[in-house]
Amino acid sequence: MNRIFSGIQPTGNLHLGNYLGAIRNWVKLQRDYECIFCIVDLHAITVPQEPAALRAATREVTAAYIASGIDAEACTIFNQSTVPGHSELSWIFSCITPLGWLNRMTQFKEKAGKQRDNAGLGLYAYPVLMAADILLYKGTHVPVGEDQKQHLELARDIAGAFNRRYGVEYFPLPEPQIFGTATRVMSLRDGTKKMSKSDASEFSRLNLTDGADAIADKIRKAKTDPHPLPEAAEGLAGRPEAENLLGIYAALTDKTLEATVAEFAGAQFSTFKGALSDVAVAVLGPIGAEMKRLMDDPGYVDGVLRRGAEKAGTMAARHLREVQDLVGFLRP
């Protein structure tokens, strides 16, 4: 059975990049795969979190999953910390993962920066936990952005190392699924930087909870250049803001970038931004409204997470027992 595993950190301010790069694709995948969608709160605490905000953000991400069209009955939705098998398998994997593999992970270098000696072990080792997240459920496919592809390759390496160490073919080697247009949505203020929850400027991103006026205002103020839109996609070279906005429109309308460029060839940005605002409001408006309704009903959201944790926990416990037997742990 092909099984999808993926997740998002509950750090608040889910935005258009999270939707186009991940959640929207998950909605499509749920028709063809057994799907496990996690809120990865253990990963979130690799940097300091305020406890009440973490709990609220966990509910917000859950609401975003459901509001975007993920079927909470057909899919398994839960927060990572409720299934202890993630941490237990992570430790087992830590014992077979060479430091050299982790030293090659570029995201740690980027996030730790010059403060590397003060960074927590969790930030350094979280790719091992990510491998455990996927393999605890024997995930066969993982939808990832380009920035996570290296970590998935590590998960494949760890699965192979475990299988070789114990002479089994127990863990599958999960395959990446990288989707097309606008999988990497850039900042509205700087087309060379990824759209991010942590950007200080609210005008750098379209939040899933933004209302119609906020969406239109942010798009109207999005950075552009002084030239008309190009006649062909080749004309986007060296124009990162134009390429980003056209890519967003293409993704929201399920068109190719080439078709979108042809549609607005030679147009002024003012004309294009009006069309982009209309499309963004039409797509994101209903999601934001449903998220608000769900977040006003925390009992329902918590019930989804509780049922998901029970379902995930049953599968995780079965696989973890099998792993413990393979490793040689005595379980009298």
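The values are calculated or read from the model by the stated rules, or taken from the named source; none is laboratory data. Because the structure is predicted, anything quoted here is derived from the model rather than measured. Heads up, the Cβs are rebuilt from the backbone with ideal geometry, glycines too, and the neighbour counts pull from every protein chain shown.
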Subset of region 234-269, residues more than 20 Å from Leu206 (Cα to Cα) and touching an Asp or Glu at 6+ places or on another chain (Cβ under 7 Å), comes to Leu236, Arg239, Ala265, Gly266
Checked against (1) without any contact (Cβ under 8 Å) to a residue 40 or more places away in the chain; (2) within 15 Å of the chain's Cα centre (by Cα), Arg156 satisfies every condition except (2)
Applying the selection to region 41-61, what residues are buried (at least 22 other Cβ atoms within 10 Å of the Cβ) and among the β-branched types (Val, Ile, Thr)?
Thr58, Val61
The condition of being in contact with a helix residue (DSSP H, G or I) (Cβ under 9 Å, 6 or more places away or on another chain), part of a helix (DSSP H, G or I) and at pLDDT 95 or above holds, among Ala72, Ala56, Ala52, only for Ala56
Regarding Ala259, is this residue of a type in the set (Gly, Ala, Ser) and either within 23 Å of Asn25 (Cβ to Cβ) or touching a strand residue (DSSP E or B) at 6+ places or on another chain (Cβ under 6 Å) (or both)?
yes
Please specify each residue of region 72-107 satisfying the condition of being free of Cβ contacts under 8 Å to residues at least 60 places away in the same chain and hydroxyl-bearing (Ser, Thr, Tyr).
Ser81, Ser87, Ser90, Ser94, Thr106
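Residues checked against (1) without any contact (Cβ under 8 Å) to a residue 24 or more places away in the chain; (2) within 30 Å of Thr260 (Cα to Cα):
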{"residue": "Val281", "(1), (2)": "no, yes"}
{"residue": "Leu284", "(1), (2)": "no, yes"}
{"residue": "Asp296", "(1), (2)": "yes, no"}
{"residue": "Tyr300", "(1), (2)": "yes, no"}
{"residue": "Val304", "(1), (2)": "no, no"}
{"residue": "Val323", "(1), (2)": "no, no"}
{"residue": "Gly328", "(1), (2)": "yes, no"}
Odd one out for Gly139, checked against (1) within 27 Å of Leu29 (Cα to Cα); (2) in a helix (DSSP H, G or I); (3) at pLDDT 95 or above
(2)
With respect to Thr271, determine if the residue is buried (at least 17 other Cβ atoms within 10 Å of the Cβ), β-branched (Val, Ile, Thr) and within 25 Å of Thr192 (Cβ to Cβ).
no
Any residue that is surrounded by fewer than 21 Cβ atoms within 10 Å (Cβ to Cβ) and more than 29 Å from Ser6 (Cα to Cα) - is there at least one of those in region 295-306?
no
Is it the case that Glu169 is surrounded by fewer than 19 Cβ atoms within 10 Å (Cβ to Cβ), in a loop (DSSP other than H, G, I, E, B) and in the same structural domain as Thr256 (by TED's automatic domain parsing)?
no
Flag for Met315 being touching a helix residue (DSSP H, G or I) at 6+ places or on another chain (Cβ under 8 Å) and either modelled with pLDDT of 95 or more or surrounded by 16 or more Cβ atoms within 10 Å (Cβ to Cβ) (or both):
no
Determine, yes or no, whether Ala64 is surrounded by fewer than 24 Cβ atoms within 10 Å (Cβ to Cβ) and either more than 26 Å from Glu34 (Cα to Cα) or in contact (Cβ under 8 Å) with a residue 24 or more places away in the chain (or both).
no
Considering (1) within 16 Å of Ile215 (Cβ to Cβ); (2) modelled with pLDDT under 95; (3) out of contact with any Leu (no Cβ under 8 Å at 6 or more places or on another chain), say which one Ala251 fails and leave the rest.
(3)
